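Visitor: This is the structure I want to talk about, given as structure tokens.
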Amino acid sequence: MRKLIDGYCLLLTWLMVATVAMLVLPVSLQIISRYTALIPSYIWTEELSRFLFIWMVMLGAMVGIKEGTHFEVDIWPELGRRANALLRIVSNLFVLIFALVFVWWGIKFVQFGWYQESELAELPMPFIFLAWPLTGASWLVFVGEIFYDNLNVLLGKDAP
């Protein structure tokens with residue numbers, strides 16, 4: 001199961017890299033068209049940039065949870081191994097709440113936009129809105145793995 005989760009995280013990482021790479025083109029076109037007369041001013045570049053940015057942020061949030069760099073605050077003193085595991089379990093309960101909110105309201109968001117299209121590119125909006133429930137579901141998977149590891153530490157078992 002761990003290999004499957006790690007593979008999923010690797011896929012998300014590469015998708016995030018792809019969205020960043022794709023974001024360069026419309027943003028560059030937008031900048032060049034503002035300051036030169038070399039190319040016409042395209043309005044669709046703003047919309048595509050916004051959609052790619054949404055996906056880039058959400059993919060980064062998913063990977064950040066898996067790597068333990070998102071929602072991480074280092075205000076607690078370094079405690080023993082079991083105390084740290086308990087503290088991470090408690091703090092990840094809040095991430096779990098956020099994940100459930102993202103899944104629940106994300107599904108509502110997708111349903112709301114099911115028949116909507118974007119103004120300029122006429123892209124189906126559910127593909128954009130899908131980022132929220134997918135992010136929440138990914139957080140649930142990654143936080144579940146973190147809970148499992150910390151629970152093993154708390155119970156005195158070796159964490160994988």
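The values are calculated or read from the model by the stated rules, or taken from the named source; none is laboratory data. Just so you know, these numbers come straight off a predicted model, no measurement behind them. In this analysis, Cβ positions are derived from the backbone assuming ideal geometry, glycine residues included, and neighbour counts consider all displayed protein chains. When the accessible area is computed, the model is the full protein with side chains, heavy atoms only, and any ligands, DNA or RNA have been set aside. Shrake-Rupley method; radii C 1.70, N 1.55, O 1.52, S 1.80 Å.
Visitor: What is the sum of charges around residue 66, taking Lys and Arg as +1, Asp and Glu as -1, for the other residues whose C-beta is under 9 Å from the C-beta of residue 66? Mind dumping the intermediate values first?
Guide: Working: positive: none; negative: 6, 67, 145.
Computed value for this residue: -3.
Visitor: Right, here's the next one. Counting heavy atoms of the protein chains only and a 1.4 Å probe, report the per residue accessible area for the chain as a whole number of Å².
Guide: On the way: 10510 Å² over 160 residues.
With the other protein chains kept in place, the chain gives 66 Å² per residue.
Visitor: Right, another one. Please work out how much length the chain gains when fully extended from residue 25 to residue 112, using 0.36 nm per residue of separation minus the C-alpha to C-alpha distance, in nm with one decimal. Spell out each step's value before the answer.
Guide: Numbers: separation 87, 0.36 × 87 = 31.32 nm, distance 3.01 nm.
That works out to 28.3 nm of additional length.
Visitor: Could I ask something else about it? What per residue convex hull volume, in Å³, comes out for the range 75-136 when only alpha-carbon positions are used?
Guide: 99
Visitor: Over the alpha carbons of the chain, what is the largest minus smallest coordinate on each principal axis, giving the biggest first in Å?
Guide: Per principal axis, max minus min of the Cα coordinates gives 66, 34, 30 Å.
Visitor: Between the range 103-158 and the range 1-51, what is the C-alpha centre distance in whole Å?
Guide: 20
Visitor: Rounded to whole Hz and in sequence order, give me ³J(HN,Hα) for the range 133-139 from the Karplus expression 6.51 cos²θ - 1.76 cosθ + 1.60, θ = phi - 60°, writing x for Gly and Pro.
Guide: x, 5, 4, x, 5, 5, 4
Visitor: Still on this structure, please answer the following. Using amide H atoms built in the peptide plane, which far-off residues or other-chain residues are under 5 Å from residue 125 H to H?
Guide: Answer set, sorted by chain and number: 116, 117, 118.
Visitor: For residue 78 and residue 152, compute 0.36 nm times the residue count separating them, minus their Cα-Cα distance, and round to one decimal in nm.
Guide: Numbers: separation 74, 0.36 × 74 = 26.64 nm, distance 1.90 nm.
Fully extending the segment from residue 78 to residue 152 adds 24.7 nm.
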